[in-house]
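Encoded as structure tokens, the structure appears first; notes follow it.
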Amino acid sequence: MKLLLTYSKRKGGEPIIARIVKETGVLITVERANIDTLAGEVLIDVPDESARMICDLIKSRGAEVRILEQGIVRDENECVDCGACISICPKDVFYMDHEWKVQLRKGRCILCGRCIVACPHRALSQSQ
Amino acid sequence: MEKSIEEINRKIREGNVRVVTADEMPRIIGELGEEGALEEVDVVTTGTFGAMCSSGAFLNFGHADPPIRMERVWLNDVEAYGGIAAVDAYIGVTQQSETRGDEYGGAHVMEDLVSGAGVELHAISRGTDCYPRRSITTELKLEDLNQAVMVNPRNSYQRYNAATNSTDRTLFTYMGTLLPNYGNVSFSGAGSLSPLQNDPKLRTIGSGTPIFLCGARGIVVGEGTQHSPGTGFGTLMVSGDMKQMSRDFLRAATMQHYGVTLYVGLGVAIPLLDLDMVRSTGVRDEDIGVDILDYGVPRRSRPTVKKVTYAELKSGRVELMGEEVKTSSLSSYRFARRVATTLREWIERGKFELSLPTQRLNSTKVAMPMKETEPMPTVKEIMSRMVHAITEDESIKTAARKLLRGDTNHLVVLDHAGRLVGIVTTYDISKSVVQEGRGGLVKDIMTRQVIRTTMDEHLDIAAQKLERYNISALPVVDRDSRVVGMLTAIDLGKLLERRWKR
Ligand code: SF4
Ligand code: SF4
């Protein structure tokens, strides 16, 4: 399950993720991180069964966390199955099936946003 | 054996015509041989569905009361060309909205009309004795127009080049998003399903050929603009009644940081008159060569990075520079097939008959590049030959003195052979004063990755560099990286300002 973590450095800026990994022993994959001088946004992937606990731990350390259930969503009414999204996605979320229809593996999405602007038909968006 | 068009049309009327889509032909020929295929198949349908920027429609609005001679016309804030008669206009698909930028344009107006939505017409006029009215605003639907005739000057390209990007930044082009360092390959076109690929000699496709256009029955007007069959890039000018069209085959789109375009579904039914037509419709994706061009090079002739085929592109991966690179299409093969199968059904149900061109198109000509009569404005023209230079082992203080003395903001840093190795600006010097602790030499504060230009670079390309990297001057270098001048944003600004005024 993917969690989006946001925190401000003023609240310590401690290595939250590293601490949690150490304490719980849960494997956390950092999929994407945007960190500047004041705030950070980190997208992590955790095993589904530990998601609740990890969320609580993150919150108790003063960061905000949101579960990204969906990843990218596609508007079927706009999509024309061109495939422009396929080659620009860093996580191979999109692929062409045997009927030349573009399919999604949403679980892989790290919400980098690249495909949203690359889709000529404005068929992709970030659900929330 | 030969077949006449009359014979094929009689079969269509009698309901026993045999129609297949072009992608089935290679297999049929493989099974039955060419003679067998000619006997078995009467018509091959083709289709393509992709971005076709050279599209638009003539609209007739009827007369208002009191009447107006519309001079400038907007539809949902998108300007249409009004320089034709009083109540006609041509809406081009790439024209952008004056209020919504590239998120809405002529293509969207057309999609809205075809979907049955109302569109606001606004027009102005000077007023004349016979047409006194000076402005009008009204909401119209497609059914309220007398005519809405799609006329696309250049559609249905025989094939396209594919695109990749050698530079270190993402490019946004009409070929879609191109990732840096050959990060992906983007291509377009339906390959062996494309109309002109199935009749490259243009025997059955020409003026007057009936076609499928965005769900309507349309017609080929003649050769498309830029028609260049001699180089494998034939095009068609086509027309059709928008009132018969469907959103299933007509979609507005926006290429990021490029602009608005229209996805057009177009199909041609090709009669199998003889063995020659059997052979040309037997074309396979493996037979169609495509050049992958480097869009990182901002010139008309972009270098070919690799020659591949449609089959390779469609496989999703090609090898470039020793690495596997993902490919993806901008046009939709699924929709292209839908065009071809819909056209097949029309013919099978007797709704669509074929006819040979009333006029053949030229099948060998080559499109010319633009003739330019003014010399190309290059960096040489406006660069300053006065160069203020320093070496990397001199002190920051010396640099500051040189900047002051030279009344400039940029010092180029040269090595012992006089080659460019860095640049220091007044900003770098001020910063070094504030951030103490860094060394006291030019090499400690200079920028080493210097964005540069050359004497014969086009000024617009140099201007784009200044803008993109948000810098105010470019050293001009020769082949050996020796600095021969400086081009500053101020000089360039003055020149560009003059040009826009014309
Ligand atoms: S780029 Fe957009 S329209 Fe094309 S397949 Fe992807 S989601 Fe669909
Ligand atoms: S947001 Fe990024 S990772 Fe997710 S589907 Fe789009 S391109 Fe792929």
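The values are calculated or read from the model by the stated rules, or taken from the named source; none is laboratory data. Not measured: the values here are computed from a predicted model. Glycine gets a Cβ as well: all are built from the backbone with ideal geometry, and neighbour counts include every protein chain shown. Please note that ligands, DNA and RNA were not included when accessible areas were found on the heavy atoms of the full protein model with its side chains. Shrake-Rupley method; radii C 1.70, N 1.55, O 1.52, S 1.80 Å.
Just from its helices, what would the mean residue ellipticity at 222 nm be for chain B, if runs of 4 or more DSSP H residues each count -39500 (n - 2.57) and the sum is divided by every residue, rounded to the nearest 500 deg cm²/dmol?
-6500 deg cm²/dmol
Which of the residues in the range B:153-199 show a loss of at least 20 Å² in accessible area from their chain by itself to the complete set of protein chains, at a probe of 1.4 Å?
Buried by 20 Å² or more upon assembly, which counts only protein chains, are B:177, B:179, B:184.
Return the residues of the range B:253-269 for which accessible area with all protein chains present is lower than in the chain on its own by 30 Å² or more; set the probe to 1.4 Å and exclude ligands, DNA and RNA.
Buried by 30 Å² or more upon assembly, which counts only protein chains, are B:254, B:256, B:263.
Give the Debye-formula value of log10 I(q)/I(0) at each listed q (0.21, 0.24, 0.27 Å⁻¹), with one equal scatterer per alpha carbon of the range B:103-163, two decimals each.
These q points yield log10 I(q)/I(0) values of -0.98, -1.07, -1.14.
Please identify every one of the GluC sites (Glu not before Pro) in the range B:93-153 that sits in a loop by DSSP and has no more than 12 other beta carbons within 10 Å of its own beta carbon.
Of the GluC sites (Glu not before Pro), the ones in loops of the range B:93-153 whose Cβ has at most 12 other Cβ atoms within 10 Å are B:98.
Quote to one decimal, in nm, the extra length available between residue B:467 and residue B:300 on full extension: 0.36 nm per residue of separation minus the C-alpha distance between them.
Value of the extension gain: 58.0 nm.
Can I get the semi-axes of the range A:2-68's equivalent ellipsoid? Compute them from the C-alpha gyration tensor as square roots of 5 times the eigenvalues, in angstrom, largest first.
In descending order, the three semi-axes are 18, 13, 11 Å.
If you take the C-alpha gyration tensor of the range B:39-107, multiply each eigenvalue by 5 and take the square root, what semi-axes do you get, largest first, in whole Å?
34, 19, 8
I'm checking a number: the convex hull volume of the Cα atoms of the range B:419-484, normalised per residue, in Å³. What is it?
87 Å³
Can you work out the Karplus-derived ³J(HN,Hα) for every residue in the range B:171-187? Use 6.51 cos²θ - 1.76 cosθ + 1.60 with θ = phi - 60°, whole Hz, and x for glycine or proline.
Each residue's phi maps through the Karplus curve to give 10, 10, 10, 5, 9, x, 6, 10, 6, x, 6, 6, x, 7, 10, 10, 9 Hz.
Classify chain B: rounded, prolate or oblate, from the alpha-carbon gyration tensor (a ≥ b ≥ c, eigenvalue square roots; a/c under 1.5 rounded; otherwise prolate if a/b is larger than b/c)?
Oblate is the answer for chain B, as a/c is 1.5 or above yet b/c matches or exceeds a/b.
Give the average over all directions of the projected area of the C-alpha convex hull of the range A:72-126, one decimal, in nm².
Its average projected convex-hull area is 3.3 nm².
Take the solvent-accessible surface of the protein heavy atoms, probe 1.4 Å, and return the percent of it on the protein assembly as shown that carbon and sulfur atoms account for.
48 percent
Within the range A:34-71, whose backbone N sits under 17 Å from a point 7 Å along Cα→Cβ of residue A:127?
Residues A:66-71 fall inside that zone.
Answer rounded, prolate or oblate for chain A, using the Cα gyration tensor with square roots of eigenvalues a ≥ b ≥ c: rounded when a/c is under 1.5, else prolate when a/b is larger than b/c, else oblate.
prolate
Antiparallel DSSP bridges in the range A:2-68: what percent, to the nearest 5?
Here the antiparallel bridges make up roughly 100 percent for the range A:2-68.
Using θ = phi - 60° and the Karplus form 6.51 cos²θ - 1.76 cosθ + 1.60, what ³J(HN,Hα) does each residue of the range B:455-460 get, whole Hz, x for Gly and Pro?
So the Karplus estimates, Gly and Pro as x, are 4, 9, 6, 5, 4, 5 Hz.
Just reorder B:363, B:192 by solvent-accessible area, largest first, 1.4 Å probe, all chains present.
Descending accessible area places them as B:363, B:192.
Just the number please: accessible area per residue for the range B:136-277, 1.4 Å probe, all protein chains included, in Å².
Using a 1.4 Å probe on heavy atoms only, each residue of the range B:136-277 averages 29 Å².
May I have the convex hull volume per residue, in Å³, for the Cα set of the protein assembly as shown?
232 Å³
Considering the options B:167, B:26, B:95, tell which one lies farthest towards the positive end of the dipole of the protein assembly as shown, charges being +1 on Lys and Arg and -1 on Asp and Glu at the Cβ, about the Cα centre.
Final value for the positive-end residue is B:167.
Obtain the nm distance between the two label points defined at residue A:33 and residue B:371 by a simple spin-label model: each point lies 7 Å from its Cα along the Cα-to-C-beta direction.
The two pseudo-label positions are separated by 6.2 nm.
Output the Kirkwood hydrodynamic radius of the range B:62-145, Cα pairs only, in Å rounded to one decimal.
12.9 Å
Check which residues have an amide H placed less than 5 Å from residue B:306's amide H, if you skip close sequence neighbours.
Correct list: B:292.
What share of the DSSP beta bridges in the range B:379-501 is antiparallel, in percent to the nearest 5?
75 percent
Please identify, among A:111, A:38, A:27, the residue showing maximal mean-square fluctuation in a Gaussian network model of chain A using a 10 angstrom Cα cutoff.
Answer for the Gaussian network model of chain A: A:38.
Under the rule a/c < 1.5 gives rounded, and otherwise a/b versus b/c splits prolate from oblate, where does the range B:141-212 land using the Cα gyration tensor?
Verdict is oblate for the range B:141-212.
Normalised by the number of residues in chain B, what is the relative contact order in percent for Cα pairs under 8 Å and 6+ residues apart?
RCO, chain B: 16 percent.
Averaged per residue, what accessible area in Å² does the range B:379-501 show with a 1.4 Å probe, protein chains only?
60 Å²
For the range B:314-359, list whatever residues lose no less than 20 Å² of accessible surface once every protein chain is in place, relative to that chain by itself, with the probe at 1.4 Å.
The answer is B:314, B:326, B:328, B:329, B:330, B:332, B:333, B:334, B:335, B:337 - residues whose exposure falls by at least 20 Å² when every protein chain is included.
Can you give the accessible area buried between chains A and B, summed over both chains, with a 1.4 Å probe, in Å² to the nearest 100?
Interface area, both chains combined: 2100 Å², rounded to the nearest 100.
For the range A:1-84, what is the accessible area per residue in Å², given a 1.4 Å probe and the full set of protein chains?
Value for the range A:1-84: 56 Å² per residue.
Of B:399, B:427, B:489, whose Cα points farthest to the positive end of the dipole of the range B:379-501 (charges on the beta-carbon: +1 Lys, Arg; -1 Asp, Glu; origin at the Cα centre)?
B:489
I need the phi-derived Karplus couplings for the range B:466-474: 6.51 cos²θ - 1.76 cosθ + 1.60, θ = phi - 60°, integer Hz, Gly and Pro marked x.
4, 5, 5, 9, 6, 10, 10, 7, 10
The range B:379-501: Rg/Rh from Cα coordinates, Kirkwood Rh?
Computed over Cα atoms, the ratio is 0.99.
Convert 37 °C to kelvin, take the viscosity as 0.692 mPa s, use the Kirkwood radius over C-alpha pairs of the range B:288-341 as Rh, and evaluate the Stokes-Einstein diffusion coefficient in µm²/s, rounded to a whole number.
257 µm²/s
Only bridges with both residues in chain B count here: give the DSSP antiparallel percent, nearest 5.
Close to 85 percent.
Only residues of the range B:105-141 count here: report those whose backbone N is under 16 Å from the spot 7 Å along Cα→Cβ of residue B:64, or say none.
B:119-141, by backbone N distance to the label point.
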